[in-house]
Amino acid sequence: MEQAGKIRSVEPKYAIPGGEIAVETDGFNADLRNGGGVYIGGERCRLTAASSSRVLAIVPEGVESPHTHIHLESEGRQSEPFPLIVGKKLADGMHIVANPAIDPLDEAVILTRSGSRGQQLSETLFRLEPDGFLEDMPDPILNPTGIAFDKKGRMFVTNRAQGEVYLADRDGSEVFASGLGVATGIAFDEDDRMYVGDRSGNIRRISDLGEPEIFAVLDPSVAAYHLAFGPDGRLYVTAPGLASFDAVHVVDRDGTVRWYFRGLGRPQGLAFDNGGDLYVAGCYRGRHGIAKIAQGGTDAEHFVAGNNVVGLCFTRKGEMVVATNESVYSIPCGVKGILL
């Protein structure tokens with residue numbers, strides 16, 4: 001066996017810089033004083049724990065290619081490389097508090113610079129074009145939080161400070177609905193009806209004329225409500241609290257609320273793939289990033305390693321767009337989201 005050891009597995013196989021991955025090894029000499037260690041794409045990792053059989057490593061900045069590899073070094077020798085996919089940074093300097101969104105008309109990624117509650121920034125909504133050009137959109141919306149598109153391709157944005165939903169495009173924005181409490185999450189059902197989550201506990205259904213009605217009631221959230229409709233037509237909700245065993249809730253068509261999956265720390269943005277599996281930003285079994293919950297809520301796994309992840313969405317090309325508080329990454333994971 002090579003003196004550097006052998007990598008048996010890496011979990012998870014997707015990560016963004018700053019995320020912690022678990023590397024299972026055989027025969028690794030964990031004495032790092034002589035230049036040994038764990039490297040991703042040629043960049044040395046900071047280790048949080050190490051033994052001859054298991055290493056916890058932090059994914060470094062500066063990894064150039066998403067399709068990269070990880071290897072061990074010890075006493076001048078290297079292990080065989082093991083594949084790993086690291087997200088490519090698309091933008092930073094944001095202040096994102098919920099899912100980004102994909103414009104269905106041209107695949108641009110819609111991002112926010114939300115600011116603290118009540119803070120009016122000069123630029124708050126951005127379009128990241130497929131060619132990488134980042135442009136701000138006019139008429140800054142106060143504290144933009146949730147973003148969703150209806151079946152006509154119109155974009156709606158919640159304003160959590162004033163409890164409003166805006167209809168926004170490149171030419172400007174206008175109030176579509178108001179009186180929505182601390183409006184955060186937003187989603188459309190298969191009949192193109194809008195739902196808005198108020199972090200104080202109410203989920204409202206909004207008519208075509210912008211009139212709200214109470215659809216369901218949950219416990220208040222310390223951060224934001226996050227909404228997504230599943231392929232079964234039901235509404236899925238996260239409402240992060242202070243516990244480490246929070247739930248993903250599912251709301252039936254009649255407004256009945258029940259648990260779908262429990263065991264997440266501070267669950268936030270969520271999205272479904274076209275096979276019915278659910279992806280949630282949060283902490284699962286002490287591992288931060290994005291958890292993948294199997295269809296039916298029967299099981300879960302750590303899917304993407306990353307810190308401060310608040311949201312995600314999928315492109316038509318099978319890429320996952322992952323948003324942290326400050327930055328946005330693209331991960332070529334081959335997963336496609338559902339299109340209602």
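FYI, it's all coordinate maths here, none of it is from the lab. The shown structure was predicted, so the numbers you read here are calculated from the model rather than taken from an experiment. Quick reminder, even Gly has a Cβ in these numbers, built from the backbone with ideal geometry, and neighbours come from all protein chains shown.
Could I have the simple spin-label model distance between VAL217 and GLU190, label points 7 Å from Cα toward Cβ, reported in nm to one decimal?
It is 2.9 nm.
What area, in nm² and to one decimal, does the C-alpha convex hull of the stretch 6-86 cast on average over all directions?
With every direction weighted equally, the projected area is 4.4 nm².
Residue by residue through the stretch 191-197, what is 3J(HN,Hα) from phi via Karplus (6.51 cos²θ - 1.76 cosθ + 1.60, θ = phi - 60°)? Round to whole Hz and write x for glycine and proline.
With coefficients 6.51, -1.76 and 1.60, one gets 9, 6, 8, 8, 10, 10, x Hz.
Under 8 Å for C-alpha pairs, at least 6 residues apart: give me the relative contact order for the stretch 51-177, rounded to a whole percent.
Result for the stretch 51-177 is 14 percent.
Give the calculated FRET efficiency between LEU47 and LYS13 to the nearest 0.05, with a Förster radius of 22 Å applied to their Cβ-Cβ distance.
About 0.70, to the nearest 0.05.
With the cut-off at 22 Å, tell me which of the pairs LYS88/LYS292; LYS89/LYS317; LYS6/LYS88; LYS88/LYS151; LYS151/LYS292; LYS13/LYS336 have Cα atoms farther apart than that.
LYS6/LYS88; LYS88/LYS151; LYS151/LYS292
Which listed residue (GLY87, LEU134, GLY37) has the Cα farthest towards the positive end of the charge dipole for the chain, taking +1 on Lys and Arg C-beta and -1 on Asp and Glu C-beta about the Cα centre?
GLY37
For ALA216, which sequence-distant residues (separation of 5 or more, or a different chain) have an amide H within less than 5 Å of its own amide H, given hydrogens modelled in the peptide plane?
Hits under the 5 Å cutoff: ILE203.
Specify whether the C-alpha gyration tensor of the stretch 23-175 places it in the rounded, prolate or oblate class, a ≥ b ≥ c being the square roots of the eigenvalues: rounded for a/c under 1.5, otherwise prolate if a/b is larger than b/c and oblate if not.
It comes out prolate by the Cα gyration axes.
When the chain is fully extended, how far beyond the present Cα-Cα distance does ASP171 get from LYS89, taking 0.36 nm per residue of separation?
26.7 nm
Apply the Karplus parameterisation 6.51 cos²θ - 1.76 cosθ + 1.60, with θ equal to phi minus 60°, to every residue of the stretch 70-85 and state each ³J(HN,Hα) to the nearest whole Hz, in sequence, with x for glycine and proline.
10, 9, 9, 10, 7, 6, x, 10, 10, 7, 5, x, 10, x, 8, 10
Would you mind calculating the relative contact order of the stretch 6-86 from Cα pairs under 8 angstrom and at least 6 residues apart, reporting the percent as a whole number?
35 percent.
Using amide H atoms built 1.01 Å from N in the peptide plane, name the residues 5+ places from VAL309, or on other chains, whose amide H lies under 5 Å from its own.
GLY289
Can you put LYS13, LYS152 in order of Cβ neighbours within 10 angstrom, beginning with the fewest?
Final ranking by Cβ density, sparse to dense: LYS152, LYS13.
Taking H placed 1.01 Å from N in the peptide plane, check which residues at least 5 places from ARG54 or on another chain put their amide H under 5 Å from its amide H.
For ARG54, whose amide H was placed from the backbone, the distant partners under 5 Å are THR25.
LEU209 to SER244: extension gain in nm, 0.36 nm per residue of separation minus the Cα-Cα distance?
Extending this stretch completely gives an extra 8.6 nm.
Would you kindly state the longest site-free stretch of the chain, with sites defined as GluC sites (Glu not before Pro) in a DSSP loop (not H, G, I, E, B) surrounded by at most 16 other Cβ atoms within 10 Å?
Between exposed loop sites, the widest span is 191-325.
How would the stretch 266-340 be classified by its alpha-carbon gyration tensor: rounded, prolate or oblate, with rounded meaning a/c under 1.5 and the a/b versus b/c comparison settling the rest?
oblate
Given 37 °C and 0.692 mPa s, how large is the Stokes-Einstein diffusion coefficient of the chain in µm²/s, with Rh as the Kirkwood radius over Cα pairs?
159
From Cα pairs below 8 angstrom and at least 6 apart in sequence, can you work out the relative contact order of the chain, rounded to a whole percent?
13
Name the longest site-free stretch of the chain, where the excluded sites are chymotrypsin sites (Phe, Trp or Tyr not before Pro) in a DSSP loop with no more than 12 other beta-carbon atoms within 10 Å.
Excluding the exposed sites themselves, the longest stretch runs over 1-132.
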